[in-house]
Amino acid sequence: MRELPKAYNPQGAEENLYKLWEESGFFAPEAHPPWAGSPETNPNYGKTFTIIMPPTNANGDLHAGHGLVMTLEDIMIRFNRMRGKKTLWLPGNDHAGFETQVVYEKVLEKQGRSRFDIAPEDLYKEIWGFTQNNRSNINSQVKKIGASCDWSREKFTLDRDIVKTVYSTFEKLFHEGLIYRGKKIVSWCPKHQTSFSDLEIVDEERTDKFYYVKYGPFTIGTARPETKFGDKYVVMHPADKRYQQYKDGQKIELEWINGPITATVVKDEAVDMEFGTGAMTITPWHDAADFDIAERHHLDREQIIDEQGRLLPIAGGFAGMKITEARPKIVEKLASKGLVEKIDDNYKHAVKLCYKCNSLIEPQVKSQWFIKMRPLAEPIIKAIEKKEITYVPDHYEKITLHWLNNIIDWNISRQIIWGIPIPAKICDTCEGGLPDLENKVSTCPKCKEELREETDTFDTWFSSGQWPFAALGYPDSKDFKEFYPTQVMETAGEIIFFWVSRMLMLGKYVTGKLPFNTVYLHGLVLDAKGKKMSKSKGNVINPLDLTAKYGTDAFRMGLIVGNTPGTSLALSEDKIKAHKHFANKLWNIARFVLSHVDEAALRQKPELLPKHKKILEEFAEIARNVTADIEEFRFYLAAEKLYHYAWHTFADKVIEESKEQFRGGNGQAQCSAQWTLFVILRDLLKLLHPFTPFVTEAIYQNLPDETADWAKQQTLMIEQWPA
RNA sequence: GCACGCAUAGCUCAGCUGGUUAGAGCGUCGCAUUCACAUUGCGAAGGUCUCUGGUUCGAAUCCAGAUGCGUGCACCA
């Protein structure tokens with residue numbers, strides 16, 4: 001008979017429990033509990049289970065979404081560990097290039113400084129220090145969530161060996177013709193002063209003015225008159241009857257914004273005859289569709305707007321103006337020359353914005369490094385079609401296929417200092433470039449000119465896209481050989497293209513094997529009202545406040561119960577509170593059982609009453625169902641079933657009815673009840689452990705040391721799963 | 001335009017392969033308390049499962065369509 005304190009106090013218990021686990025050494029896959037060491041006692045002997053933790057951005061605190069990641073992955077890890085698999089959960093941090101630089105720019109801003117005033121190497125050192133501080137901070141927060149990951153294998157995306165792997169991938173891609181340096185139109189953020197890939201751009205529907213402007217004999221439509229200074233090509237559809245008297249290549253003299261120019265007629269099928277007047281002029285330097293037309297017809301292109309978003313000297317009197325202030329003035333000038341035919345005030349169109357600062361994206365023509373994605377995507381499309389990858393929820397399969405089938409080349413150049421430098425030399429004459437890992441090449445192989453060192457860095461996703469094999473020590477390490485490919489990639493549905501799909505492509509390309517065979521995607525964690533959390537809205541919920549208030553187990557249950565994969569979850573404090581009650585209920589269940597169980601009596605299995613046999617059978621059924629639910633990633637159901645069983649079956653019925661046997665004082669009935677209650681409590685703790693590791697361990701540590709058919713382990717974490 | 005979702009109690013959502021009176025948490029109302037637990041227990045109210053049609057012995061669940069909401073991608077002179 002044991003006496004537990006009246007209420008469970010998570011605040012006092014959790015830190016020591018985590019320490020107990022960590023010091024036990026069982027976070028590492030090498031350590032196996034006594035029962036797991038042979039195929040006779042462990043049906044999963046020799047099997048591995050590996051999750052590579054999505055590397056946490058080393059630029060701030062843990063947020064609620066991280067809480068969900070850590071909980072989901074910890075559930076899978078603890079479950080598989082208890083099932084006897086050699087289980088590895090590899091933690092890591094991401095330098096998160098652009099994201100971190102943006103965060104750090106805000107830090108600088110507060111100090112009245114700017115990144116453009118700091119020498120690049122000094123800035124790099126500062127951000128390095130910043131991320132190192134954040135790393136240790138974040139790791140301690142991850143521990144508070146209860147993550148049972150192997151800290152001895154923790155990696156950072158800027159570790160020397162990771163960078164080496166990233167470099168060799170870059171070189172391999174280049175030599176196999178899959179990376180090229182090309183002068184193409186890219187999305188440029190005038191605020192952040194860097195180019196992006198297509199994924200960092202968001203669209204927004206806007207209503208603007210649409211101007212009909214006379215262009216010689218034509219009327220052209222435009223929403224951006226400020227880009228039109230250099231327009232010297234007027235394009236129409238070859239089948240457009242309205243313009244059939246104008247021939248492709250025909251020159252026309254006309255009066256334009258800053259005086260007379262010679263325009264050239266171009267016929268191209270990209271023009272939509274239904275839109276505007278069916279005639280348009282093009283600005284290839286600042287518009288992707290125009291760029292394509294210019295490419296097809298080998299037309300000149302000229303920069304009109306500089307990197308800061310100001311007009312260049314070609315704009316004549318408007319040079320130096322920001323485009324927004326220039327626009328009305330330019331329209332005014334056009335109008336004064338009688339060139340504005342009409343203005344439509346209600347033109348709805350989508351504009352492209354920087355996903356981070358919502359600045360208008362100004363496309364620019366730049367020489368950047370691109371990856372040809374088509375050849376990388378093909379094998380993944382085939383793998384998905386052959387069902388070599390399981391998506392949870394499965395509709396992500398279609399979403400991925402749709403994206404892969406329409407994939408475009410990936411710009412991996414970023415004009416920021418915080419990142420992995422692109423190890424290459426570039427030629428300012430031919431604008432080509434080549435990898436030069438050992439700094440050996442000095443003249444351009446094509447034009448024999450002197451090369452200069454590339455100053456751009458890689459898109460962070462280029463390195464994190466290689467994370468599973470890089471973090472495991474590809475190609476020669478023992479870990480890579482033993483744990484790659486991994487089993488599950490669990491991450492946010494939001495980054496399915498950014499990260500998951502690119503990991504599949506780069507992993508398959510570099511190692512020949514898919515990096516994982518199951519992709520589990522969770523939705524967003526929203527605030528209690530269902531709104532996206534953001535610092536500017538001030539509705540960010542700090543997970544550590546909640547764990548401090550209600551206990552980590554309650555927080556974890558609040559994130560898991562009722563949260564189906566792929567759908568977003570409104571994080572309600574009430575729900576977490578309810579699960580604090582659950583943790584306490586569990587504690588009191590244990591309090592009752594342990595105070596009614598005679599340890600000595602457990603050393604011999606009693607003859608069980610038929611009703612107790614039936615109760616144990618029903619419990620075994622629950623255990624089997626829960627096991628199947630976890631194996632099939634229905635954590636929300638498994639958690640709910642256990643919650644329900646513990647409270648409304650075990651406590652409300654089994655325990656209540658057992659009081660009769662304890663009151664009766666009948667020896668056999670009482671022994672049968674004791675045995676039944678104890679076995680269910682013990683095995684219920686095991687089943688609940690992946691979900692609520694702390695309270696279950698706290699109770700476990702108070703269990704008797706042995707029974708007729710069982711001996712207590714060092715920690716509940718390494719007990720054998722009861723189903 | 002193409003694609004992918006969602007629609008169930010006042011609120012937030014479950015309902016896994018179609019099968020008896022559709023569930024949970026929170027909220028509301030009532031009752032109970034020295035006996036594991038007030039961080040509690042018991043009970044109640046509250047749902048034509050968006051609509052229409054179909055498949056089926058049987059549909060919240062499968063199929064088709066409609067309506068509403070959301071998301072991604074593309075176009076956007």
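Rule-based calculations on the coordinates, nothing more; no lab input. Keep in mind that what you see is a predicted model, and the values were worked out from it rather than measured. Here the Cβ positions follow ideal geometry from the backbone for every residue, glycine too, while neighbour counts run over all protein chains shown.
To the nearest 20 Debye, how big is the dipole of the stretch A:598-657 about its Cα centre, given +1 on the beta carbon of each Lys and Arg and -1 on that of each Asp and Glu? Before the final figure, lay out each step's value.
On the way: 9 positive and 13 negative charges, 32 e Å.
It works out to roughly 160 debye.
Under a 5 Å amide H to amide H cut-off, with H placed in plane at 1.01 Å, what residues pair with A:Ser413 once short-range neighbours are removed?
Long-range HN contacts for A:Ser413: A:Trp369, A:Asp459.
Give me the net charge for the shell around A:Glu378: Cβ to Cβ below 12 angstrom, other residues only, Lys and Arg +1, Asp and Glu -1. Display every interim value, and only then the final one.
Values: positive: A:Lys372, A:Arg374, A:Lys382, A:Lys508; negative: A:Glu385.
Around A:Glu378, the surrounding residues sum to +3.
Over 25 Å between Cα atoms, which of A:Lys144/A:Lys580; A:Lys209/A:Lys329; A:Lys241/A:Lys333 qualify? Could you put the intermediate results ahead of the total?
Numbers: A:Lys144/A:Lys580 16 Å; A:Lys209/A:Lys329 14 Å; A:Lys241/A:Lys333 32 Å.
Beyond 25 Å between Cα atoms: A:Lys241/A:Lys333.
State to the nearest 20 debye the size of the charge dipole of chain A about its Cα centre, where the only charges are +1 on K and R beta carbons and -1 on D and E beta carbons.
On the way: 93 positive and 100 negative charges, 126 e Å.
I would put it at about 600 debye.
Positive end of the dipole of chain A, charges at C-beta (+1 Lys, Arg; -1 Asp, Glu), about the Cα centre: which of A:Gly177, A:His298, A:Trp499 has its Cα farthest in that direction?
A:Trp499
Skipping prolines and chain starts, which residues have an amide H placed within reach, meaning under 5 Å, of the one on A:Phe27, given they are 5 or more residues away or on another chain?
none
Could you work out how far helix A:667-688 tilts from the main Cα principal axis of chain A, as a 0 to 90 degree angle to the nearest 10?
Taking the Cα atoms of chain A, the angle to A:667-688 is about 20 degrees.
Please list, in chain and number order, the residues 5+ apart from A:Arg224 or on another chain whose amide H is under 5 Å from its amide H, with Hs placed from the backbone.
none
Does chain A come out rounded, prolate or oblate by the C-alpha gyration tensor, with a ≥ b ≥ c the root eigenvalues, rounded set by a/c under 1.5 and, if not, prolate when a/b is larger than b/c and oblate if not?
On the way: a/c = 2.76, a/b = 2.31, b/c = 1.20.
Cα axes put chain A in the prolate bin.
For the stretch A:2-144, what relative contact order do you get, as a whole percent, if you take Cα pairs closer than 8 Å and at least 6 residues apart?
Working: 125 pairs, mean separation 43.2, N = 143.
Dividing the mean separation by the residue count of the stretch A:2-144 yields 30 percent.
Averaging sequence separations of C-alpha pairs under 8 Å and six or more residues apart, then dividing by the length of chain A, give the relative contact order as a whole percent.
16 percent
If one takes the longest principal axis of the Cα atoms in chain A, at what angle in degrees, from 0 to 90 and to the nearest 10, does the Cα axis of helix A:97-110 lie?
It works out to around 80 degrees.
Specify whether the C-alpha gyration tensor of the stretch A:470-513 places it in the rounded, prolate or oblate class, a ≥ b ≥ c being the square roots of the eigenvalues: rounded for a/c under 1.5, otherwise prolate if a/b is larger than b/c and oblate if not.
Prolate.
Taking Cα pairs under 8 Å and at least six residues apart, what relative contact order does the stretch A:143-226 come out at, in percent? Intermediate values should be presented prior to the final figure.
On the way: 36 pairs, mean separation 9.2, N = 84.
In percent, rounded to a whole number, it is 11.
State to the nearest 20 debye the size of the charge dipole of the stretch A:1-129 about its Cα centre, where the only charges are +1 on K and R beta carbons and -1 on D and E beta carbons. Walk me through the numbers before you get to the answer.
On the way: 14 positive and 18 negative charges, 120 e Å.
Computed charge dipole of the stretch A:1-129: roughly 580 debye.
Relative to the longest principal axis of the C-alpha atoms of chain A, give the angle of the C-alpha long axis of helix A:635-644, reported between 0 and 90° and rounded to the nearest 10°.
Its long axis makes an angle of about 30 degrees.
Can you bin the stretch A:656-723 into rounded, prolate or oblate? Criterion: square roots of the alpha carbon gyration tensor eigenvalues sorted a ≥ b ≥ c, rounded for a/c under 1.5, prolate for a/b above b/c, oblate for the rest.
It comes out prolate by the Cα gyration axes.
When DSSP beta bridges are limited to those with both residues in chain A, what percentage is antiparallel, rounded to the nearest 5? Numbers along the way, then the final one.
Details: 54 of 79 bridges.
Antiparallel bridges: around 70 percent, rounded to the nearest 5.
Of A:Ile699, A:Ile496, how do they rank once you tally other Cβ atoms within 10 Å and put the fewest first?
A:Ile496, A:Ile699
Using DSSP to call loops (not H, G, I, E or B), can you name the GluC sites (Glu not before Pro) in the stretch A:14-73 whose Cβ has at most 13 other Cβ atoms within 10 angstrom? Could the numbers behind the result be given before it?
On the way: sites: A:Glu14, A:Glu15, A:Glu22, A:Glu23, A:Glu30, A:Glu40, A:Glu73; in loops: A:Glu30, A:Glu40.
Filter output for the stretch A:14-73: A:Glu30, A:Glu40.
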